[in-house]
Amino acid sequence: MVFTQYNFDEIRLPIVERNDLFQRSVGETTDIVEKEMYRFEDRDGTVLTLRPEGTASLVRAYVEHALHAREPVSKLYYFGPMFRRERPQKGRLRQFSQIGAEMIGRDDPAADAEILLLLTDLLSDFGVTGAELQINTLGDRTCQPGYRAALVEWGRAQGSALCDDCARRLTQNPLRLLDCKQPGCVALRETAPRMIDHTCDACREHFARVLDLLAAEGLEPRLQPYMVRGLDYYCRTAFEVIASGLGAQNALGGGGRYDGLVRELGGPDVAGIGFALGVERLLIVLAGEEAAAAPEFVVAPLGAAAERAAIALVHRLRRGGARVDVEPGGRSLKSQMRHAAKLGARYVIILGEDELAGGTFSVRDMEAKVDRPHVASLSATAPELRAVLAAEGGGRMERSA
Ligand code: AMP
């Protein structure tokens, strides 16, 4: 739905790709390529890989099918399983699913803003409320080499305080120093140079404009100056969505700009930007938020006729966007009320004989502890009911329950 609103089309990508695609794009010295890919040989000796991520596949398809010749800007989304041979734990699986989106053909800051707005709209559409968007700039071909040199100088000065992997990264791929998960290296990182202090004028202006466009829409991502992301193809804007409740694996999604990647994979020199969200982590976050949430209304029907009327009422309220539960009609009001309280209901809708005869229902406000007899008609919608309940009224509970 959100993808359609942003005018993105779906692309279905294969699960298996040639191994060298990821070596060339994700990067030889990244964890993914060094340690995590499931590789196997085809009958003709070609080395294939279960894809560890979607962007490289998507760009491969873009180049192979010359999508740039069809339209100057391609806006595509995908969904499917990814495979990484990581150590499994909560939120980290060897097979997981991603939802991703890519915009290829635009290098202007408004494209970055659009991708980030799409990401946040998507998350809010899924019902995620507490996530934080973090952002950084990684520079480009002009300014990144200078930053790498500054990082190498800093890394050398740390000497043996860096872990063995980082000592190797120092010569092979210094940006990966910032990605190290070893506690000692993580602590040292605060003293490392920051890309934001080494950007060229063009990158600085690009980044400032992205932030400005986002701020105009009320989105203020937190600057995370040491975020580099685990893949080598990123430049300029990089971002992650961090959610609480995920434990150590706290990234719900991430992405960034990859302006050299299409050309690197044999296509024209066009820019790109995109993101991927981890579906299993999304489900963990939503399960946490759901558990914390309680029904707005619980309907308590008294008897068979009331139960029948309750079905229509509940259905209408739910279609109006409310979170609603309904009790079985054969039980006493007392036991229904007890269960509604256990569910944490904000309001209990009481449908007894009196109410049915008048075509109305009564509401008990569980927070304010007041009864609102015959407060609305049986045909009320969720917005109508909320409006009535928001108005002053009600008395002390009288009905015995
Ligand atoms: P990445 O591009 O590696 O940052 O991955 C994007 C998102 O995919 C992450 O933020 C996670 O939500 C999800 N993800 C990555 N690796 C895994 C994994 N091994 N298990 C579950 N989800 C993952």
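Name the residue farthest towards the positive end of the dipole of region 258-298 from the options Gly272, Ala292, Gly260, assuming +1 on Cβ of Lys and Arg, -1 on Cβ of Asp and Glu, about the Cα centre.
Checking the options against the dipole of region 258-298, the answer is Gly260.
For the chain: lysine pairs with Cα atoms under 22 Å, gap of 8 or more or different chains, count?
Lysine pairs meeting the criterion: 6.
Counting only DSSP beta bridges with both residues in the chain, what percent are antiparallel, rounded to the nearest 5?
Roughly 80 percent of the DSSP beta bridges within the chain come out antiparallel.
For Ser379, Ser160, give the ranking by accessible area with the largest first, probe 1.4 Å.
Ser160, Ser379
Treating the beta-carbon of each Lys and Arg as +1 and of each Asp and Glu as -1, no other charges, what is the dipole magnitude of region 294-390 about its Cα centre, to the nearest 20 debye?
Using Cβ point charges on Lys, Arg, Asp and Glu, region 294-390 gives about 300 debye.
For the chain, find the longest principal axis of its Cα atoms and tell me its angle to the long axis of helix 109-126, 0 to 90°, nearest 10.
Once rounded, one gets 40 degrees.
Can you tell me, using C-alpha contacts under 8 Å and at least 6 residues apart, the relative contact order of the chain as a whole percent?
14
Report the rotationally averaged projected area of the chain based on its alpha-carbon convex hull, in square nanometres.
It is 25.5 nm².
Evaluate E = 1/(1 + (r/R0)^6) for Glu264 and Leu378, where r is the Cβ-Cβ distance and R0 equals 56 Å; express this FRET efficiency to the nearest 0.05.
0.30
Given the options Val241, Val73, Val59, which has the most mean-square fluctuation in a GNM of the chain, springs set between C-alpha atoms less than 10 angstrom apart?
Its mean-square fluctuation being the largest, the pick is Val73.
Could you give the radius of gyration (one decimal) and Dmax (whole number) of the Cα atoms in region 294-390, in Å?
11.7, 31
Mind grabbing the accessible area of Ile242 for me, 1.4 Å probe, Å², rounded to tens?
Counting only protein heavy atoms, Ile242 exposes about 30 Å² to solvent.
Given a 1.4 Å probe and the protein chains all in place, what does the accessible area of Asp9 round to, in Å² to the nearest 10?
Spelled out: Asp9, probe radius 1.4 Å, area about 90 Å².
Between Ser244 and Leu283, how many nm apart are label points set 7 Å from Cα along the C-beta direction?
About 2.5 nm, to one decimal.
Solvent-accessible area per residue for the chain at a 1.4 Å probe radius, Å²?
Value for the chain: 48 Å² per residue.
Top mean-square fluctuation among Ala131, Ala357, Ala69, Gaussian network model of the chain, C-alpha springs under 10 Å?
Ala357
Describe numerically, in nm with one decimal, the distance between label points set 7 Å from Cα along Cα→Cβ at Gln172 and at Met1.
4.6
The values are calculated or read from the model by the stated rules, or taken from the named source; none is laboratory data. All figures in this text were calculated on a predicted structure; none of them were measured in a lab. So basically every Cβ, Gly included, is an ideal-geometry build from the backbone, and we count neighbours across all protein chains shown. Please note that ligands, DNA and RNA were not included when accessible areas were found on the heavy atoms of the full protein model with its side chains. Shrake-Rupley method; radii C 1.70, N 1.55, O 1.52, S 1.80 Å.
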